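Working notes for the structure below.
The values are calculated or read from the model by the stated rules, or taken from the named source; none is laboratory data. A quick note: this is a predicted structure, and the numbers were derived from the prediction, not measured. Don't worry about glycine lacking a Cβ; one is built from the backbone with ideal geometry, like all the others, and counts go over all protein chains shown. Accessible surface areas use protein heavy atoms only, side chains included; no ligands, DNA or RNA. Shrake-Rupley method; radii C 1.70, N 1.55, O 1.52, S 1.80 Å.
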Amino acid sequence: MANDAIIWKEKYNHPVDWDQHFPPLSLPDMFYDSTARNPDAIALDFLGRKYSYSECRDGMGRVAHGLQAMGVKKGDRIGLFLPNVPHYVAAYYGAMAIGAIVVNFSPLYTAAELEHQVEDSGTKILFTLSAKALLPTALDVLNNSSLERLVVGSVAGVLPTAKSILFRVFKCGETVARPHDPRITAFSALIDNDGSHVPALIDPEKDIALLQYTGGTTGRPKGAMLSHQNLTANARQVNMLDPGNVEEDRIIGVLPFFHVFANTVVLNRTIFSGGEIVMLPRFDAVQTLAAVERTRPTALPGVPTMYQALLDNPRLGATDFSSMRMCISGGAPLPVEVKRKFEAATGATVVEGYGLTESSGVVTVNPYKGLNKTGTIGQPLPGTIVRLVDKADPTRPAPEGEPGEIVFSGPQVMQGYWRRPEADAEVFVGKYLRTGDVGLIDEDGYIRIVDRLKDMIAVGGFKVFPSQIEEILYRHPAVREALVIGIPDAYRGESPKAFVTLTEGSDVDEETLKSWLNPQLGKHERVVAVEIRDALPKTMIGKLSRKELVAEEKAKAGL
């Protein structure tokens, strides 16, 4: 496929030339540049409380000062165990301003998952909130790992005054008291300073800005090392796709910033453009529709399950979507029916894209205007080359006209996995990164994913790895063999289902196993069913095989 790039160079449907250069740029400098252009512009709208770019830069500086006062140096790892709140933005850019490496942690993690990644990354300080869903888990990790400090914020402190009072009165059951412990600092105390700090000398192309954990193609989660240039280049690539160059740029920020999709498409892209993020702490269909009505946004990025939930809400029909320039779907395959129904109900255009953690977020997307091919992931971003290689030998091109593994190169490709050179050797073929996904490229340079080499399950935009669930199942004394697969789910795309055989003499039933297993998993990992069988399918050499189970479940679903 030596001439892959020619396809989209000749038939490129995005509003810029494919051949683009991205000068080195750090994330702090990106933030400073946007602030300098328009310091009074609104950067964040958090449930009605607005923060200008100059206010956000002040908060960023105060976090940087506070961290330096704690002894944080360039290269230290600072963890964010946060939902979408203003604290996240200040901590993210503030830590990077002094050269620290941010580590994103999902609020869905169990204490064991969080502890593993804290230890693997060497995270020293963890930002979180005094929320019942977060602080107890963070305290467990503080007491059982090498984590040195917690910085704990309060949601009430960043709400509009009236909402802050109501939160304190009616939502107190959702918060927990911050313990009196010298290892724990209030966010308000951390930023109680004048914001002066010593900016780090950053080499955007070499210095790591973010460790973003992923399962990669196999095994335990690995930290993808994303440089400042990886992230700012991807933000600029995505920003180039908007054909408007219009004055208003207001994006609904309900996708979680800890996820690489939102980190690039919502946070970094919008800060680069000088736009406004209408920030919501979590997805709720009613709250999201109310934000659309209140703020008249121009974009609504989401995962397919989010669009389905909005379709299911009776308020959708009464919500005005006329301000929306595009809705961008990613994180999981977009069902054709969901796209069709959402567009019919709202009049908005939904474009499907594709990316992965190792790509800083985005690799391809359908054009916002022009040819939008349903069922494809669109064309590559500017400066990104996508090729198909042989499924058995990634050093060779795929046979002409046949599906092949998707590989790509571009300025957004990660620097490698954190302290895992053996994993780098598996995922890189020269400058190209292997995705584990199998696809076809049509005559217009649009890409269609047709299969997966890896076993990853896509649950509502989150990656779930069967081996991790199987590992826990094997701890039960009654379980002899275990396989976990993704089964079709009309709402989440896929859901995990477990199949087991039992040790001789065991009398445990399926519901008992499910009830034992799920509390040990993150919310998105929990299985919808455990099925006990006399035997599980195996390959000719005796290895447990998932493909037969996958075929059975697809047949049941009529696929």
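Name the one entry in Arg168, Arg178 that is modelled with pLDDT under 95, among the basic types (Lys, Arg), assigned to a loop (DSSP other than H, G, I, E, B) and open to solvent by 20 Å² or more (accessible area, probe 1.4 Å).
Arg178
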| message | Six or more apart or on different chains, Cβ atoms under 8 Å: show the pairs whose first residue is in segment 426-437 and on the phi > 0 side of the Ramachandran plot and in contact (Cβ under 8 Å) with a residue 24 or more places away in the chain and whose second is surrounded by 19 or more Cβ atoms within 10 Å (Cβ to Cβ) and assigned to a strand (DSSP E or B). | response | Gly436/Glu405
| Can you tell me which residues in segment 286-322 are closer than 24 Å to Thr264 by Cβ and aliphatic (A, V, I, L, M)? | Ala291, Val292, Ala299, Leu300, Val303, Met306, Ala309, Leu310
| query | Any residue in segment 423-435 that is open to solvent by 50 Å² or more (accessible area, probe 1.4 Å), under 28 Å from Pro107 (Cα atoms), of a type in the set (A, V, I, L, M) and touching a Lys or Arg at 6+ places or on another chain (Cβ under 9 Å)? | reply | no
| request: Could you please give the count of residues in segment 261-281 that are open to solvent by 10 Å² or more (accessible area, probe 1.4 Å) and either assigned to a helix (DSSP H, G or I) or modelled with pLDDT of 95 or more (or both)? | output: 6
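Just checking, does segment 354-365 include any residue being part of a helix (DSSP H, G or I) and at pLDDT below 90?
Within segment 354-365, none of the residues are part of a helix (DSSP H, G or I) and at pLDDT below 90.
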| said: Criterion first (surrounded by fewer than 23 Cβ atoms within 10 Å (Cβ to Cβ) and assigned to a strand (DSSP E or B)) does Arg448 satisfy it? | reply: yes
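Matching residues to (1) at pLDDT below 95; (2) closer than 21 Å to Val278 by Cα; (3) among the aromatic types (Phe, Trp, Tyr):
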residue: Ile42; (1), (2), (3): no, yes, no
residue: Tyr53; (1), (2), (3): no, yes, yes
residue: Gly66; (1), (2), (3): no, no, no
residue: Arg77; (1), (2), (3): no, no, no
residue: Tyr109; (1), (2), (3): yes, no, yes
residue: Asp120; (1), (2), (3): no, no, no
| remark: Selection over segment 421-443 where residues are part of a strand (DSSP E or B) and more than 25 Å from Asn13 (Cβ to Cβ) yields a count of 4
| said: Taking the criterion of being open to solvent by 20 Å² or more (accessible area, probe 1.4 Å), on the phi > 0 side of the Ramachandran plot and in contact with a strand residue (DSSP E or B) (Cβ under 7 Å, 6 or more places away or on another chain), would at least one residue in segment 529-550 satisfy it? | reply: no
| message | Considering only residues that are touching a residue at least 40 places away in the same chain (Cβ under 8 Å) and in contact with a Ser or Thr (Cβ under 6 Å, 6 or more places away or on another chain), which ones fall in segment 324-349? | response | Arg325, Met326
| task | Specify which of the listed residues (Ala498, Ala478) is among the small types (Gly, Ala, Ser), in contact with an Asp or Glu (Cβ under 9 Å, 6 or more places away or on another chain), surrounded by fewer than 22 Cβ atoms within 10 Å (Cβ to Cβ) and more than 27 Å from Val118 (Cα to Cα). | result | Ala478
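To keep it simple, each residue is scored yes or no on (1) farther than 18 Å from Tyr92 by Cβ; (2) modelled with pLDDT of 95 or more.
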site: Glu113; (1), (2): yes, no
site: Leu126; (1), (2): no, yes
site: Lys132; (1), (2): yes, no
site: Val152; (1), (2): no, yes
site: Ile184; (1), (2): yes, yes
| message | If Ile457 meets every condition in (1) crowded, with 21+ Cβ neighbours inside 10 Å; (2) farther than 30 Å from Gly302 by Cα apart from one, which number is that one? | response | (2)
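Every residue, every condition in (1) among the charged types (D, E, K, R); (2) at pLDDT below 95; (3) open to solvent by less than 10 Å² (accessible area, probe 1.4 Å), yes or no:
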position: Ser196; (1), (2), (3): no, no, no
position: Ala200; (1), (2), (3): no, no, no
position: Asp207; (1), (2), (3): yes, no, no
position: Gly215; (1), (2), (3): no, yes, yes
position: Pro221; (1), (2), (3): no, yes, no
position: Asn230; (1), (2), (3): no, no, yes
| remark: Within segment 282-331, restricting to residues that are among the polar types (S, T, N, Q) and outside any helix (DSSP H, G or I), the one that is surrounded by the most Cβ atoms within 10 Å (Cβ to Cβ) is Ser329
| field | Neighbours by Cβ (under 7 Å, 6+ apart or cross-chain): first from segment 1-24, closer than 22 Å to Lys373 by Cα and assigned to a loop (DSSP other than H, G, I, E, B); second at pLDDT 75 or above and acidic (Asp, Glu) | value | Lys11/Asp444
| request: Restricting attention to segment 60-93, report how many residues are closer than 15 Å to Leu190 by Cα, in contact (Cβ under 8 Å) with a residue 12 or more places away in the chain and open to solvent by 20 Å² or more (accessible area, probe 1.4 Å). | output: 5
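Anything in segment 385-420 that is of a type in the set (Gly, Ala, Ser), free of Cβ contacts under 8 Å to residues at least 40 places away in the same chain and either over 12 Å from Tyr432 (Cβ atoms) or in a loop (DSSP other than H, G, I, E, B) (or both)? List them, or say none.
Listed by number, the residues that qualify are Ala392, Gly401.
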| said: I'm trying to understand the selection: among the residues of segment 523-544, which are closer than 20 Å to Lys463 by Cα and either modelled with pLDDT under 90 or outside any loop (DSSP other than H, G, I, E, B) (or both)? | reply: Lys523, His524, Glu525, Ala529, Val530
| query | Would you pick out the residues in segment 35-59 that are part of a helix (DSSP H, G or I), surrounded by 15 or more Cβ atoms within 10 Å (Cβ to Cβ) and in contact (Cβ under 8 Å) with a residue 60 or more places away in the chain? | reply | Tyr53, Asp58, Gly59
| message | Given (1) under 30 Å from Ile469 (Cα atoms); (2) among the hydroxyl-bearing types (Ser, Thr, Tyr); (3) open to solvent by 10 Å² or more (accessible area, probe 1.4 Å), identify the lone condition not met by Ser121. | response | (3)
| task | Output the residues belonging to segment 112-139 that are of a type in the set (A, V, I, L, M), touching a Pro at 6+ places or on another chain (Cβ under 8 Å) and in a helix (DSSP H, G or I). | result | Leu139
| task | Kindly indicate whether any position in segment 104-119 is in contact (Cβ under 8 Å) with a residue 24 or more places away in the chain and more than 21 Å from Gln520 (Cβ to Cβ). | result | yes
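For segment 135-152, which residues satisfy the criterion of being open to solvent by 50 Å² or more (accessible area, probe 1.4 Å) and within 17 Å of Leu108 (Cα to Cα)? Step through it out loud before you land on a result.
As a first pass, look at segment 135-152 and keep what is open to solvent by 50 Å² or more (accessible area, probe 1.4 Å): 136, 140, 143-144, 146, 148-149.
Once the filter is applied, which keeps residues that are open to solvent by 50 Å² or more (accessible area, probe 1.4 Å) and within 17 Å of Leu108 (Cα to Cα), segment 135-152 yields Pro136, Asp140.
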